[in-house]
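Worksheet: the structure to be examined is printed underneath.
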Amino acid sequence: MTFHPRMTSRVEGVSVIGELKWRSWTGVIADVWSVRCTSHASGEYVSEAPRLFVILDKAGPGTFGVGTDSSALIPPRCTAPNAMSYIPAGLPVWGRVHDVDYLRHLDLHFDINTFKRRFPDEVLDEKLSTPRLMFFSERIASLAGLIAAECLSDQPLHDLYGDGLTLALFTELFGICQPIRRQRSQLSPRQLGMITNYIEDNCLQNIRLQELAELAGLSQSYFSHAFKASTGSSPHRWQMNARIRRVQGLLQREGVTLTRVASAAGFSDQAHLTRVFKSIVGVTPAAWQRSQTN
């Protein structure tokens with residue numbers, strides 16, 4: 001379903017210049033507004049969705065401010081070029097200008113549910129509910145400028161471009177870092193030696209994961225992850241490698257047949273042996289056997 005942000009406003013001394021320029025991307029609506037202002041223009045705004053407000057350009061010697069208390073904006077706070085404000089969903093804010101003739105600004109509205117799906121590993125509720133008013137970030141200003149340019153363009157680029165810009169902006173705005181991947185615990189040297197020796201000694205038999213885990217004194221899930229972290233291989237793959245080494249020893253005996261080797265090594269038939277052997281060694285048992293006699 002397409003995201004449609006709803007915002008109510010009450011303004012005085014502000015008139016829109018030209019047509020609204022906007023674009024929509026995944027869970028995001030970007031609006032670029034150009035307005036003329038009287039010397040003491042003001043407005044009150046409430047949006048159902050969180051939004052980022054960024055000043056792109058202004059004309060006039062005065063100042064502009066955004067706050068959660070209208071009385072605190074008399075006179076407006078001085079602002080740097082490209083000042084910006086993040087406004088959580090449902091938070092009323094007031095804007096006021098003093099001796100500013102013209103403003104162009106970007107409003108970036110976004111859907112909270114879509115946003116959380118795109119950053120599933122982040123705990124974002126506190127960040128999303130905390131306003132940040134009248135701050136400046138060079139990175140965010142640069143990204144906002146590119147987003148605004150895309151809104152204004154007569155030849156817009158692929159939606160993936162806008163998706164990438166908005167994701168980059170939100171990543172910077174909310175300080176979303178690369179998740180730290182937990183290092184899987186490994187088996188101790190004693191455990192690893194005991195397990196690998198057991199597999200080597202019993203590789204021709206059907207070894208269950210449960211018996212290996214019990215031998216190591218671990219749960220099956222923990223053991224499986226720890227074994228792979230220690231060896232780079234699953235327990236089953238380790239056993240198959242050991243079994244194929246036994247098969248190679250049997251194939252070097254004079255007069256042995258593949259059928260007898262398959263049976264002795266615990267494979268259901270010659271075809272089963274051939275599939276597993278080739279997946280590990282890279283050639284069929286017959287081809288490997290011939291290569292040993294050349």
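Just so it is clear, none of the values below were taken in a lab; they were calculated from the coordinates. As the structure is a prediction and not an experimental result, all values here were calculated from the model. Cβ atoms come from the backbone with ideal geometry, glycine included; neighbour counts cover every protein chain shown.
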(request) Kindly write out, for region 199-209 in residue order, the coupling ³J(HN,Hα) from the Karplus curve 6.51 cos²θ - 1.76 cosθ + 1.60 (θ = phi - 60°), rounded to whole Hz, with x marking Gly and Pro. (result) 5, 4, 6, 10, 5, 7, 9, 7, 9, 8, 4
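Explain nothing, just the number: dipole magnitude of region 189-293 about its Cα centre with +1 on each Lys and Arg Cβ and -1 on each Asp and Glu Cβ, in debye rounded to the nearest 20. Display every interim value, and only then the final one.
Details: 12 positive and 6 negative charges, 62 e Å.
Taking the Cα centre of region 189-293 as origin, the dipole is about 300 debye.
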(message) What does the extension gain come out to for ASN202 and VAL281, with contour length at 0.36 nm per residue minus their alpha carbon separation?
(response) 26.4 nm
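Might you report the magnitude of the Cβ-based charge dipole of the chain about its Cα centre, with Lys and Arg at +1 and Asp and Glu at -1, to the nearest 20 debye? Numbers along the way, then the final one.
Values: 31 positive and 27 negative charges, 345 e Å.
Dipole magnitude for the chain comes out near 1660 debye.
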(message) If amide hydrogens are placed 1.01 Å from N in the peptide plane, which non-local residues have theirs closer than 5 Å to the one on TYR102?
(response) CYS37, ALA59
(request) Select from VAL261, PRO156, PHE64 the residue farthest towards the positive end of the dipole of the chain; place +1 on Cβ of Lys and Arg, -1 on Cβ of Asp and Glu, and compute about the Cα centre. (result) VAL261
(message) With angles folded into 0 to 90 degrees, how steeply does helix 235-251 sit against the dominant principal axis of the chain? Use alpha carbons for both and round to 10.
(response) 30
(request) Between VAL16 and ARG246, with labels modelled 7 Å along Cα→Cβ, what's the label distance in nm to one decimal, could you check? (result) 7.8
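Using alpha-carbon pairs under 8 Å, 6+ residues apart, how would you state the relative contact order of the chain in percent? Please list the in-between numbers first.
Details: 476 pairs, mean separation 41.7, N = 294.
For the chain, the relative contact order is 14 percent.
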(request) Please state, rounded to one decimal and in Å, the Kirkwood hydrodynamic radius that region 81-164 gives when every pair of distinct Cα atoms enters the mean of 1/r. (result) 15.3
(message) Could you tell me which residue out of LEU250, TRP94, LEU204 lies farthest along the dipole of the chain toward its positive end? Charges go on the beta carbon: Lys and Arg +1, Asp and Glu -1, centred on the Cα centre.
(response) LEU250
(message) Output the 0 to 90 degree angle, nearest 10, between the alpha-carbon long axis of helix 138-152 and the longest principal axis computed from the alpha carbons of the chain.
(response) 80
(request) Would you please classify the overall shape of region 195-235 from the alpha carbon gyration tensor, given that a ≥ b ≥ c denote the square roots of the eigenvalues, rounded means a/c under 1.5, and beyond that prolate means a/b larger than b/c while oblate covers the rest? (result) oblate
(message) With the cut-off at 1.5 for a/c, could you classify region 189-293 from its C-alpha gyration tensor as rounded, prolate or oblate?
(response) prolate
(request) Pull up all non-local amide H partners of MET134: gap of 5 or more, or a different chain, and H-to-H distance under 5 Å with H placed in the peptide plane. (result) MET84, SER85, TYR86
(message) Charges on Cβ only, +1 for Lys and Arg, -1 for Asp and Glu, centred on the Cα centroid of region 7-173; of LEU143, ASN113, ALA41, which one is farthest towards the dipole's positive end?
(response) ALA41
(message) Would any residue of region 31-73 have its amide N under 19 Å from a label point 7 Å out along Cα→Cβ of THR114? List them or say none.
(response) 31-33, 47-54
(request) Under 1.5 on a/c is rounded, so check that first for the chain, then, if it is not, pick prolate when a/b is larger than b/c and oblate when it is not; a ≥ b ≥ c are the square roots of the alpha carbon gyration tensor eigenvalues. (result) prolate
